[in-house]
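Report on one structure; see the data block that follows.
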Amino acid sequence: MFSNGYFLLSIVLAGVGFLVQRILISKMKKYGGTPLSRAMSGKQIAESMLQYYNIRGVQVVEGQGMLTDHYNPANKTVTLSPEVFRGQSIMSAAVAAHECGHAVQHDQAYSMLQLRSKLVPAVQIASSGLQWLMLISFMLANRFPQLLLLTIGLFALTTIFSLITLPVEFDASARALAWLDNQNVLRKGPEEEGGRDALRWAAMTYVVAALSSIVMLVYLILQYMGLSRRD
């Protein structure tokens, strides 16, 4: 049955994602407890980076919860979790600069960020009922293979979005590390290596998400091809 393979694959992919998430949290705690040589909070670092690039109209605000840091291009807001916003650690410096890297991308009209932003509404609609559609299409696949084809189309859109996200995240990290190095916010040696390590594992969550999406998409396509052969 389609559902058996689907559930098994889902469990494996969820397990890999959980493992990477746990490692990321461990890294964030490690570098979150390592103070900077320069006593600057994440808020100060973010504001300094925005000022360096002469970016106006972007607010730096404090959010709620761990790992909730993000940049919203719609309202031009850099939201930093309390640990990052107030912290004066390697982790807070790296994360704050990374989110400002997205603001720099937006200001400089970075093509991949623009493309991702355009896809957001469509992906939100596609994702809203995708899990239910998958289950229904698996149960009724033999009678209504068109449902599985529709599922593949919607899932392909979310996969494309995941793939586009990768260069956006890697580029933001590269911009962040370059600025932190240029401004000597992270000193050469353990501080710089720690910042790089923290952002590397943050990026790994997106890599795992993209790979998981590709694997699941291939699985769905193979299931549809199997149905077509029977017909």
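The values are calculated or read from the model by the stated rules, or taken from the named source; none is laboratory data. Everything numeric here is computed off the predicted structure, so don't read it as measured data. Reconstructed Cβ throughout: ideal geometry from the backbone, glycine too, with neighbour counts over all protein chains shown.
So in the stretch 35-51, with the set limited to residues that are surrounded by fewer than 16 Cβ atoms within 10 Å (Cβ to Cβ) and in contact (Cβ under 8 Å) with a residue 12 or more places away in the chain, which one is farthest from G63 (Cα to Cα)?
Only one residue fits best here, namely S37.
Only one residue in R196, R175 is of a type in the set (D, E, K, R) and crowded, with 19+ Cβ neighbours inside 10 Å, so which one is that?
None of the others qualify; the one that does is R175.
For the stretch 99-132, which residues satisfy the criterion of being under 21 Å from V78 (Cβ atoms) and not in a helix (DSSP H, G or I)?
Listed by number, the residues that qualify are Q108, A109, Y110.
Does the stretch 113-123 include one or more residues that are touching a residue at least 12 places away in the same chain (Cβ under 8 Å), closer than 21 Å to H70 by Cα, touching a Pro at 6+ places or on another chain (Cβ under 8 Å) and not β-branched (V, I, T)?
yes
Has the stretch 57-68 got at least one residue that is surrounded by fewer than 22 Cβ atoms within 10 Å (Cβ to Cβ), at pLDDT below 95 and of a type in the set (V, I, T)?
yes
With the requirement that a residue be touching a residue at least 24 places away in the same chain (Cβ under 8 Å) and either assigned to a loop (DSSP other than H, G, I, E, B) or touching a Phe, Trp or Tyr at 6+ places or on another chain (Cβ under 7 Å) (or both), what does the stretch 53-73 give you?
Within the stretch 53-73, Y53, I55, V58, E62, M66, L67, D69, P73 meet the criteria.
Per-residue answers, yes or no, for (1) under 12 Å from L220 (Cβ atoms); (2) more than 24 Å from the chain's Cα centre (by Cα); (3) surrounded by 17 or more Cβ atoms within 10 Å (Cβ to Cβ):
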site	(1), (2), (3)
S111	no, no, no
Q114	no, no, no
P121	no, no, no
S127	no, no, no
M134	yes, no, yes
N142	no, yes, no
L148	yes, yes, yes
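Do we have P121 as out of contact with any helix residue (DSSP H, G or I) (no Cβ under 9 Å at 6 or more places or on another chain) and either farther than 23 Å from A39 by Cα or not small (G, A, S) (or both) here?
Considered against the rule, which asks whether it is out of contact with any helix residue (DSSP H, G or I) (no Cβ under 9 Å at 6 or more places or on another chain) and either farther than 23 Å from A39 by Cα or not small (G, A, S) (or both), P121 comes out as yes.
Regarding the stretch 27-34, can at least one residue be identified that is touching a strand residue (DSSP E or B) at 6+ places or on another chain (Cβ under 7 Å) and β-branched (V, I, T)?
The answer is yes, given that some residue of the stretch 27-34 is touching a strand residue (DSSP E or B) at 6+ places or on another chain (Cβ under 7 Å) and β-branched (V, I, T).
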